[in-house]
Every structure is written in C-alpha cells, then in structure tokens.
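Notes follow the structure.
Computed from the coordinates by the stated procedures, all read-outs in this text should not be read as laboratory data. Here the structure is a predicted model, which means the values were calculated and not measured. Cβ: placed from backbone, ideal geometry, glycine included. Neighbour counts: every protein chain shown.
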Amino acid sequence: MKKWLFGFVLGVVGLGLMGWPAESSKEVVDRLVAGADEIIKEAQKNGNTNILVVFHGNSIIKLLYALDPTSNPTMIENASISKVVYKDGKYTVASVNDTSYIKE
C-alpha cells in the first residue's frame, strides 16, 4: 500500500513540473483501477465489505468517467462522496459528488 500511495503521489503531484515526463490520463486511470483492484482483493481476503478510498478531485473525475462515462463527473466538491460498488468483478458508479451529509 505504501508503495502504491508513493507512486500515486509522484504521478499526480507533478513529475512534469520537475522536467520529468508526467503520466497520461490513460496511465493515471490504469494505475487507479489497478490500485482499486488491489485494495478490493486485500479487503475481500480479510472479510471487509466496506472500503473508504480518498483521492484527489481530478483523479476521482478520471476514475469515475472511466468506470461509467454516463456518471458525468465534471466537478467534484470538497468533502463530497462518490460511491462505487464492486460486485461480481464489475464496478458500478452508484453516486457522484454527494454532499447530503453536510448540514448547513
């Protein structure tokens, strides 16, 4: 997990800013899905059914769109929750950008 997180931070924070090649959108999505697959595999092995994964907004948008283009994630609010269900080897976007838990 630490290795994956370190790779995530380096890829997203901007190796491109240091003159190093940055990841393409496809590479980011491929890495995020592979990471999600790994997290789910480990959770299932331990008998866990609910998993919280925290991402940067732009990464969330890319991942949700890749999983379900009809989810139309164009803007992610701070502290919003997007729910993705994994069942029978498939991901389904159940909700996007939910802030209903926040009381004004």
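Please give the peptides 55-68, 31-44, 77-90 ranked by average Cβ packing (other Cβ atoms within 10 Å per residue), highest first, as a rough proxy for protection.
Details: 55-68: 17.9, 31-44: 14.7, 77-90: 11.4.
Ranking the peptides 55-68, 31-44, 77-90 by packing returns 55-68, 31-44, 77-90.
Sum up the lysine pairs in the stretch 41-104 that clear both bars: alpha-carbon distance under 27 Å and a spacing of 8 or more or different chains.
11
Along its principal axes, what span do the Cα atoms of the stretch 28-103 show, with the longest given first and each in whole Å?
Principal-axis extents of the Cα atoms in the stretch 28-103, largest first: 34, 29, 20 Å.
Enumerate the amide H contacts of ASP98 below 5 Å, restricted to partners 5 or more residues apart or on another chain; note that Pro and chain-start residues carry no placed amide H.
Result for ASP98 returns ILE81, SER82.
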